[in-house]
Amino acid sequence: MTKVKICGITNKTDALAAAQAGADLLGFVFYPPSPRAVEVDVVRAIARELRAEYRALGLAGVFVDEPPTRVSEIARTCGLDVVQLHGSEPPNDVDLLTAEGLKVIKGLRVRGECALEEMDRYRPMAYLLDAYVPGRPGGTGVAFDWELASRAARVGRVILAGGLTPRNVAEAVSTARPWGVDVSSGVEAAPGRKDHAKIRLFVASAKGGCQGVERI
């Protein structure tokens, strides 16, 4: 069944709503320019509360061109399971963090077929494919060619992102057959604030949209 990551979580209420809806991963953005940026202390408090009841839930930190030492420090402080590198990080950063025992997602912005060649440079747990928008690392709500994402699966696990909503995620899963899907703006009431009904519908649609996708 397709894994679901709800990204851009900024508060405990939204985190609990995503967990209750059946999300597999929650994403917290540690990138100050983002309207969804969150402080370390906030994430640490949310993680402490969620761990007591949702033991299978994964917590991911999203970073843009941060030094690996800083990424590792925040991951330890917050108790993150996964770190997502969503900038222009070199392959060595992925290797260093993996060697420290962290699961790493490498985010890549897709402009075309060249994205497949870019994937070959990295060895992460999974690749998150997002739409390319000049000057913005992610969270744009813009989609790209889902057929390209289906071909990218030959390289490794693919998490499909960009422009996904409760209305189109089932079609996206059926077309691209990704290991997982990622949504942020597509389930928001406002930047950094989630619409809980949309979260529930997105998770249900994503997990019912395709059978036979690899389990973790």
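Coordinate-derived values only; no laboratory data. Computed from a predicted structure; not experimentally measured. All Cβ positions, glycine included, derive from the backbone under ideal geometry; neighbour counts span all protein chains shown.
Ordering of 124-131, 64-71, 197-204 by packing is 124-131, 197-204, 64-71, highest average first (other Cβ atoms within 10 Å, averaged per residue). Multiplying the residue separation of A45 and H196 by 0.36 nm and subtracting their alpha-carbon distance yields 52.3 nm. Label separation (R76 vs R121): 2.9 nm, computed from points 7 Å beyond Cα along the C-beta direction. The amide H of E188, built 1.01 Å from its N in the peptide plane, has D195 as neighbours under 5 Å, considering only residues 5 or more places off or on other chains.
Stretching Q20 away from E100 to a fully extended chain increases their span by 25.7 nm, per 0.36 nm per residue minus the current alpha-carbon distance.
At q = 0.15 Å⁻¹, what log₁₀ I(q)/I(0) does a Debye calculation on the Cα points of the stretch 3-208 give, no solvent, two decimals? Relative scattering, expressed as log10 I(q)/I(0), comes to -0.87.
Scalar couplings 3J(HN,Hα) for the stretch 154-166, obtained by applying the Karplus form with A = 6.51, B = -1.76, C = 1.60 to θ = phi - 60°, are 5, 7, x, 4, 10, 9, 8, 9, x, x, 7, 9, x Hz; x denotes Gly and Pro. Backbone phi angles across the stretch 46-58, fed through the Karplus curve with coefficients 6.51, -1.76 and 1.60 (θ = phi - 60°), yield HN-Hα couplings of 5, 4, 4, 6, 5, 4, 5, 10, 10, 5, 8, 6, x Hz in residue order; Gly and Pro are listed as x.
Model label sites at E171 and L148, defined 7 Å from Cα along the beta-carbon direction, differ in position by 1.9 nm.
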